[in-house]
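S.K.: First the structure, then my questions, so here it is.
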Amino acid sequence: MGLNVLILAGSRPGRPDPMAQAAGISHKAILPICGAPMISRVITALQAVEGIGKIAVCIEQPDVLSGIVPDNVTFIPPAAGPSASVMRALDTLGTPLLVTTADHALLEPGWIRDFVQGARDNGCDVAAGIAMEPDILRDVPGTKRTMIRLADGAFSGCNMFLFRTPAARGVIRLWQKLEADRKHPFRMARTLGPGVLLRFVLRRLTRADVCRRIGQLSHARVALIPLPNGRAAVDVDKPADLELVTRLLCATPAT
């Protein structure tokens, strides 16, 4: 049974992506890098991985991808927010479901294999790919990434998630609650618990603590899977990212 994939490629309602606006296009997903739209690079990397099944794209205007994505790629309309869109995809595609984003232009097949294998070895229900700060500094020196600083090291997310089992729904429901409360920090704090926040502020919170707490709240086994290449943390969110990714891709042949 193949591993189905969801690529998040939509724009938030009423909030055009500034990168797309600057390029004069409707969606960041079709932003060209070294002659190829970002999303086509993501799909090419996915198709090079053994065992990949259906690939679906979540976007509100599928026609903008006409002639860009292969004919066997399907589309899922976005719901109210990323978490609801992932839940909709889970209802349609089932588990296991790999989720990534259209702006992950550096995505490599090897990273996907390492991530999926790491999640399987862990035996978790849900996994998130991360890159540790030393690896980011080594592989993409000078880049500015959003870092989560914990007691056992700082890391950045890699826009790679694996929902391995039906229990993953509990994590998505928690995600939906936190997403709904994102403008109300006190509600989010109440959900996560004051003890977790205090340990985070005091730099005593570890990755295992984070996974354990999410697991308690969602009734699922959660894992953060470190990827060995710091480039996995790079997506295209701002002009400096586009410049970096263009330099790396135009200088290095795809693998």
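The values are calculated or read from the model by the stated rules, or taken from the named source; none is laboratory data. In this text the structure is predicted, and so the values were computed from the model without any measurement. Glycine also receives a Cβ, built like all others from the backbone with ideal geometry; neighbour counts cover every protein chain displayed. Note: accessible area is taken over every heavy atom of the protein model, side chains too, but ligands, DNA and RNA are not part of it. Shrake-Rupley method; radii C 1.70, N 1.55, O 1.52, S 1.80 Å.
S.K.: Taking interchain pairs and intrachain pairs at least six residues apart, which have beta carbon atoms under 6 angstrom, with the first residue in the stretch 116-131 and part of a helix (DSSP H, G or I) and the second open to solvent by less than 10 Å² (accessible area, probe 1.4 Å)?
M.R.: Cβ pairs passing all conditions: A119/A127; A119/L162; N122/A223.
S.K.: Could you say which residue among A84, A89, A45, A56 is of a type outside the set (K, R), out of contact with any Gly (no Cβ under 8 Å at 6 or more places or on another chain) and closer than 21 Å to D237 by Cα?
M.R.: A45
S.K.: Give the residues of the stretch 66-86 that are open to solvent by 10 Å² or more (accessible area, probe 1.4 Å) and more than 17 Å from K54 (Cβ to Cβ), sorted by residue number.
M.R.: If the condition is that a residue be open to solvent by 10 Å² or more (accessible area, probe 1.4 Å) and more than 17 Å from K54 (Cβ to Cβ), then S66, G67, I68, P78, A79, A80, G81, P82, A84 are the ones that fit.
S.K.: Residue check: is R169 farther than 19 Å from V201 by Cβ, of a type outside the set (S, T, N, Q), open to solvent by 70 Å² or more (accessible area, probe 1.4 Å) and under 17 Å from the mean Cα position of the chain (by Cα)? Show your work before the answer.
M.R.: Details: farther than 19 Å from V201 by Cβ: yes; of a type outside the set (S, T, N, Q): yes; open to solvent by 70 Å² or more (accessible area, probe 1.4 Å): yes; under 17 Å from the mean Cα position of the chain (by Cα): yes.
For R169, the condition - farther than 19 Å from V201 by Cβ, of a type outside the set (S, T, N, Q), open to solvent by 70 Å² or more (accessible area, probe 1.4 Å) and under 17 Å from the mean Cα position of the chain (by Cα) - is met.
S.K.: Same structure, new question: Anything in the stretch 135-159 that is open to solvent by 40 Å² or more (accessible area, probe 1.4 Å) and in a loop (DSSP other than H, G, I, E, B)? List them, or say none.
M.R.: P141, G142, K144, T146, M147, A151, D152
S.K.: Mind listing whichever residues of the stretch 1-56 are among the hydroxyl-bearing types (S, T, Y) and at pLDDT 95 or above? Give the steps one after another, and end with the answer.
M.R.: The initial filter retains those residues of the stretch 1-56 that are among the hydroxyl-bearing types (S, T, Y), namely 11, 26, 40, 44.
Once the filter is applied, which keeps residues that are among the hydroxyl-bearing types (S, T, Y) and at pLDDT 95 or above, the stretch 1-56 yields S40, T44.
S.K.: Check whether at least one residue in the stretch 197-205 is of a type in the set (D, E, K, R) and under 17 Å from the mean Cα position of the chain (by Cα), and report yes or no.
M.R.: First, the residues of the stretch 197-205 that are of a type in the set (D, E, K, R): 199, 203-204.
Still in the list and also under 17 Å from the mean Cα position of the chain (by Cα): none.
For the stretch 197-205, residues of a type in the set (D, E, K, R) and under 17 Å from the mean Cα position of the chain (by Cα): absent.
S.K.: Among the listed residues A154, A232, A208, A223, identify the single one that is out of contact with any helix residue (DSSP H, G or I) (no Cβ under 7 Å at 6 or more places or on another chain) and not basic (K, R). Explain how you work it out, then say what you get.
M.R.: Details: A154 fails: out of contact with any helix residue (DSSP H, G or I) (no Cβ under 7 Å at 6 or more places or on another chain); A232 fails: out of contact with any helix residue (DSSP H, G or I) (no Cβ under 7 Å at 6 or more places or on another chain); A223 fails: out of contact with any helix residue (DSSP H, G or I) (no Cβ under 7 Å at 6 or more places or on another chain).
After ruling out the rest, the residue left standing is A208.
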